[in-house]
Amino acid sequence: MSALTEPVEREPDTTARPPLVRELLLVVGLFLVYKLGRQVASGHVGEAFHNADRVWHAERAVHLPGEGSVQRALLHSDSLIHIANTYYAAVHFPAMILFLAWLYWRRPRHYVWVRRVLTALTGAALVLHLLVPLAPPRMLAEAHLVDTGQVYGPTVYGSAPATDSVANQYAAMPSLHFGWALMIAIGLIAATRSRARWLWLLHPLVTLLVIVGTANHYWLDSIVATALLAVALAFIRLPGTKAATDTPAPGTPSTVTPSTVTSGPTVPGTAASGPATPAAVVPAPAAPRGPGPGTGPEPYSEPARALTAPGVCP
């Protein structure tokens, strides 16, 4: 874990860390709103199956591989399909909780950014769940897929979707399993600097194979989730990444132009072009040695003269 999460900074910026109690209340509140929203979206059974039929035929029209090809690979081993079901049921929420907790304590700026992106992604997903109810492929007779959770276990869904009080089983699109997994990988890649950090992309890859192989989602569910995440990332930037243009960085010499420096005293009646600086005095050339005393007049000595800025008359 430490090799994959090598810090960008030696110490976390504690000034960017929001209050813990406020964040806990915010995250719990958003989760409850999402769960309630999914329950409100349930009940549109006929529309959900109609949309499922359209998605299935749309995937075949664009020549996406069948979900059954992934499931058949998993069904070669009872242990493999059991691991896939466990990954689907047990990794989704714990992985997100650990991810957010680590960011909060070690990368507060990245935590704020990720929380905003996840809020936007989950909110958009909830809107789609309300507008486009969708039955998963395990329920679609035309797909000829096995409900691996019910047959092999474990499963997070009830056997009868109409009486399932835990989850709305007609909210397949977009797949937040995949969207959240992809955001975890992106967040950890952005927050760390180890060359091994790119291995975090294995998490969304494995998640994609799991959600398709267990027949809980279509390929299009993950594609839509990726598109929504891309839009959220385009509009929500990491705080503090905009370079300052007005204030030079510490240790950077400031640029001085002739228009801002006056090399001599301001002449009355002439507007100064900037704050005055001490005049540079050039000593007069030494007078040639004259004849001894009483042999002639003293040689002329030119007075010292001050340099002035170009265009300013002394």
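The values are calculated or read from the model by the stated rules, or taken from the named source; none is laboratory data. Note that the coordinates shown come from a computational prediction; the quantities given were computed from them, not determined experimentally. Quick reminder, even Gly has a Cβ in these numbers, built from the backbone with ideal geometry, and neighbours come from all protein chains shown. Note: accessible area is taken over every heavy atom of the protein model, side chains too, but ligands, DNA and RNA are not part of it. Shrake-Rupley method; radii C 1.70, N 1.55, O 1.52, S 1.80 Å.
Relative contact order for segment 168-227: what is it in percent, counting Cα pairs under 8 Å that are at least 6 residues apart? Provide the component values of the computation, followed by the final result.
Numbers: 56 pairs, mean separation 32.7, N = 60.
Reported as a whole number, the value is 54 percent.
Is segment 99-141 best put as rounded, prolate or oblate by its Cα gyration tensor, with a ≥ b ≥ c the root eigenvalues, rounded for a/c under 1.5, and otherwise prolate when a/b is larger than b/c, oblate when not? The partial results should precede the final answer.
Details: a/c = 6.91, a/b = 2.46, b/c = 2.81.
It comes out oblate by the Cα gyration axes.
Could you tell me the accessible area of residue 173 in Å² (1.4 Å probe, neighbours in place), rounded to the nearest ten?
Surface open to solvent at residue 173 totals about 30 Å².
Could you grab the relative contact order for segment 37-182? Cα pairs under 8 Å, six or more apart, rounded to a whole percent.
42 percent
Compute the projected area of the convex hull of the Cα atoms of segment 94-247, averaged over all viewing directions, and report it in nm² to one decimal place.
Numbers: hull surface 45.3 nm².
Its average projected convex-hull area is 11.3 nm².
With a Cα-only, solvent-free Debye model of segment 52-108, what are the log10 I(q)/I(0) values at q = 0.18, 0.19, 0.21 Å⁻¹?
-0.80, -0.81, -0.84
Between residue 150 and residue 98, what's the calculated FRET efficiency when r is the beta-carbon distance and R0 is 30 Å? Round to 0.05. Intermediate values should be presented prior to the final figure.
Working: r = 28 Å, r/R0 = 0.95.
Approximately 0.60, to the nearest 0.05.
Stretched out fully, how many nm does the piece from residue 69 to residue 205 gain, at 0.36 nm a residue minus the Cα gap? Mind dumping the intermediate values first?
On the way: separation 136, 0.36 × 136 = 48.96 nm, distance 1.59 nm.
In short, 47.4 nm is gained.
Could you calculate the FRET efficiency of residue 83 with residue 196 from 1/(1 + (r/R0)^6), where r is the beta carbon distance between them and R0 is 30 Å, rounded to 0.05?
Working: r = 24 Å, r/R0 = 0.79.
According to the calculation, E is roughly 0.80.
Take the Cα atoms of segment 31-170, build their convex hull, and give its volume per residue in Å³. Write out the running numbers ahead of the final one.
Values: hull volume 19.7 nm³, N = 140.
About 140 Å³ per residue, rounded to a whole number.
Stretch residue 237-residue 142 to full length: gain in nm at 0.36 nm per residue minus the Cα-Cα span?
That works out to 29.9 nm of additional length.
Normalised by the number of residues in segment 133-238, what is the relative contact order in percent for Cα pairs under 8 Å and 6+ residues apart?
35 percent.
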